[in-house]
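Written below as structure tokens is the structure these notes are about.
The values are calculated or read from the model by the stated rules, or taken from the named source; none is laboratory data. Quick caveat: nothing in here was measured; it's all calculated off a predicted structure. Quick reminder, even Gly has a Cβ in these numbers, built from the backbone with ideal geometry, and neighbours come from all protein chains shown. Keep in mind that these areas ignore ligands, DNA and RNA; they rest on the heavy atoms of the full protein, side chains included. Shrake-Rupley method; radii C 1.70, N 1.55, O 1.52, S 1.80 Å.
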Amino acid sequence: MASLNIAVIGIGYVGLPLAASLSKYNKVIGFDTSKKRIKDLKKYIDSTKEFNTKKLKKLNKLSFTSNSSDLENSNIFFVTVPTPINVKKKPDLSYLIQATKIVAKHIKKKTIVVYESTVYPGCTEEVCLPILEKLSNLKLNKDFYLAYSPERINPGKSKYKLNNTIKVIGSSNKKALNKLSEIYKKICLNVHTVSGIKTAEAAKIIENTQRDLNIALVNELSIIFKKMDLDINKVLEAASTKWNFAKFEPGLVGGHCIGVDPYYLTYKSEKLKYKPKVILAGRKINDSMGIYVAKNIIKFIKNNKIKSKKILILGASFKENCSDLRNSKIFDTIRYLEKRGAQVYVYDPLIAKNILSRSVKKIVTKLNKKYFYDVAVIATKHDQFIKMGTKSIKKNIKKDGLIFDLKSIYPTNQTDWRL
Ligand SMILES: NC(=O)c1ccc[n+]([C@@H]2O[C@H](COP(=O)([O-])OP(=O)(O)OC[C@H]3O[C@@H](n4cnc5c(N)ncnc54)[C@H](O)[C@@H]3O)[C@@H](O)[C@H]2O)c1
């Protein structure tokens, strides 16, 4: 390949940091079907909040487009489009298929197509490859090359970014694998090459499945220990003193990765006539935790003979220090409470009002209501909430108000309930 003309397809939480890193060494086109996203990025606005205006302005080798004809000269494509699940909790591959069709129109001899979107083992070769070959009239390994490299970054204020993460890469062709290793080594901590695309796909899916199951276990333990009048945090602290104890915290598992990826694996497994037992059991527990929390709030309100039900939720994003609302499980809690007559107010300083208003009826932009709420629920571990402490929360809730600390961020004796 003479010169690299890189295109990143899907400029979201994953695509933008990837395109930005690659553009330090090469010209990169960031393509997205969302005209709004491209318009914003051209104005140096990143709604994912991964980049501020100053940082975006510095990326002078990165251009943005929603016009697919601009991909004409691209010879290496990185696909980073969403891979969600549908209402039946089955893989929704529509974005991936649409992106593949766009790429297929532009591949030519020696093009490399790299998928980074999370998929089940086999998806790239069974679903994407036939589309690429059919629409381009070209043959894999004879004309063009295919690769899969899962994205493992942790968006938000996390220390795990592209530059300090090892990239796993699998490819259909040794030469393409070497070329990609060379490219990724410049932007990542290191690369770990595997012999096939399917292995790379499977590696990613088990990283998140393992995490989901571990959290499901502590969530279930938390439910059991509550019945035994035991504080799970104290139990975990004690158990963690053993060298091989893996410590996880109970909590709501939302987002588009941990709560979604296991379903990709179980879907494929079921297609192969094996119905997973452990993985789906974990999913069931984690998917039920939002309602479990809501039921406990109602129970506490009743037991404490509180008449009104004004509930303040602190944090709506699916994880700490992040503005991402997708599949956030606190909405299960909110809907359940609202159906039972509660007035639920949501405060999340990290999420823009216009975005929050799509899913929330009562938005709080400032915590300045004196002794107004009956219950405060701390749902995410935003640094801001940790710093704030219970003192300022208590000013907002009634004298006999309750604090539910779902993430155990405050000392036990300052709150009324934790997972
Ligand atoms: N966000 C994460 O923390 C994370 C981490 C690791 C892996 N992943 C995986 O990476 C993939 C992308 O996730 P994300 O969080 O960046 O999603 P995202 O929704 O933030 O971004 C995806 C972008 O793709 C665009 N898009 C949709 N269809 C398109 C198409 N046909 N052509 C071009 N653009 C299209 C959307 O408009 C959007 O801007 C998913 O498979 C996800 O599971 C995400």
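Ignoring ligands, DNA and RNA, how do R283, R211 rank by accessible area with a 1.4 Å probe, largest first?
Result, largest first: R211, R283.
Give the long-range amide H neighbours of Y115: residues separated by 5 or more places, or on another chain, with amide H under 5 Å away, using H modelled in the peptide plane at 1.01 Å from N.
Amide H neighbours of Y115: V79, A147, Y148, S149.
So what's region 6-193 giving for Cα Rg divided by 2.2 N^0.38 Å, two decimals?
0.97
What translational diffusion coefficient, in µm²/s and rounded to a whole number, does the Stokes-Einstein relation yield for the chain at 4 °C and a viscosity of 1.567 mPa s, taking the hydrodynamic radius as the Kirkwood radius over Cα pairs?
56
Need one number: nm distance between label points at I386 and E249, each 7 Å from Cα along Cα→Cβ, rounded to one decimal.
Between I386 and E249, the label points sit 0.8 nm apart.
So what does log10 I(q)/I(0) come out to for region 232-418 at q = 0.08, 0.11, 0.13 Å⁻¹, using the Debye formula with one equal point on every Cα and no solvent?
Debye output, listed in q order: -0.29, -0.53, -0.72.
Sort the following peptides by mean Cβ neighbour count (other Cβ atoms within 10 Å, averaged over residues), highest first: 257-263, 88-94, 324-330.
257-263, 324-330, 88-94
Compute the length gained on full extension between K395 and Y25: take 0.36 nm times their separation in residues and subtract their Cα-Cα distance, giving the result in nm to one decimal.
Details: separation 370, 0.36 × 370 = 133.20 nm, distance 5.21 nm.
Working it through step by step, the gained length comes to 128.0 nm.
Can you list which of the chymotrypsin sites (Phe, Trp or Tyr not before Pro) found in region 84-187 are DSSP loop residues with at most 14 other C-beta atoms within 10 Å?
Y160
Tabulate in residue order the Karplus-calculated ³J(HN,Hα) for region 26-43, using 6.51 cos²θ - 1.76 cosθ + 1.60 with θ = phi - 60°, rounded to whole Hz; enter x for Gly and Pro.
Residue by residue, region 26-43 yields 8, 6, 10, 9, x, 10, 9, 6, 7, 5, 5, 4, 5, 4, 4, 4, 5, 8 Hz.
Can you sort H256, H192, H106 by 1.4 Å-probe accessible area, starting with the largest?
H192, H256, H106
For F144, list long-range residues whose amide hydrogen, built 1.01 Å from N in the peptide plane, is under 5 Å from its own amide hydrogen.
Under 5 Å from the amide H of F144 lie the amide H atoms of K110, K139, each far enough along the sequence or on another chain.
Taking θ as phi - 60°, what are the ³J(HN,Hα) couplings along region 11-20 by the Karplus curve (6.51, -1.76, 1.60), each to the nearest whole Hz, with x for Gly and Pro?
With the stated coefficients, region 11-20 comes to 9, x, 4, 8, x, 5, x, 5, 4, 5 Hz.
In nm, what is the difference between 0.36 nm times the number of residues separating K55 and N368 and their Cα-Cα distance?
109.3 nm is the gain from fully extending K55 to N368.
Summarise the accessible area of region 232-418 (1.4 Å probe, protein heavy atoms) by the percent that is carbon and sulfur.
Roughly 54 percent, rounded to a whole number.
Report, ordered by chain and residue number, the lysines lying within cross-link reach of K174, taken as a straight Cα distance under 18 Å and ignoring same-chain residues fewer than 8 apart.
Partners within reach: K109, K110, K139, K142, K185, K198.
Taking each pair of distinct Cα atoms in region 286-394 once, what is the resulting Kirkwood hydrodynamic radius in Å?
When all Cα pairs of region 286-394 are included, the Kirkwood radius is 14.2 Å.
Report the FRET efficiency, 1/(1 + (r/R0)^6), for A239 and K36, where r is their Cβ-Cβ distance and R0 is 51 Å, rounded to 0.05. Each step should come with its number before you reach the end.
Numbers: r = 48 Å, r/R0 = 0.94.
Rounded to the nearest 0.05, the efficiency is 0.60.
For the residue pair K88 and F300, what label-to-label distance in nm results when each label sits 7 Å from Cα along the Cα-to-beta-carbon direction?
It is 3.9 nm.
Could you report region 85-141's accessible area per residue, 1.4 Å probe, as an integer in Å²?
47
Whole-Hz Karplus ³J(HN,Hα) for region 143-159, in order, using 6.51 cos²θ - 1.76 cosθ + 1.60 and θ = phi - 60°, x for Gly and Pro?
In residue order, the calculated couplings are 10, 9, 10, 10, 8, 9, 9, x, 8, 10, 6, 10, x, x, 7, 10, 7 Hz.
Would you mind giving the average projected area, over all directions, of the Cα convex hull of region 102-141 in nm² with one decimal? Could the numbers behind the result be given before it?
Values: hull surface 11.4 nm².
Averaged projected area of region 102-141's Cα convex hull equals 2.9 nm².
So for the pair Y160, L4, with labels modelled 7 Å out along Cα→Cβ, what separation do we get in nm?
2.4
Amide H to amide H under 5 Å from I363: which residues, 5+ apart in sequence or cross-chain, H placed 1.01 Å off N in plane?
HN-HN under 5 Å from I363: V346.
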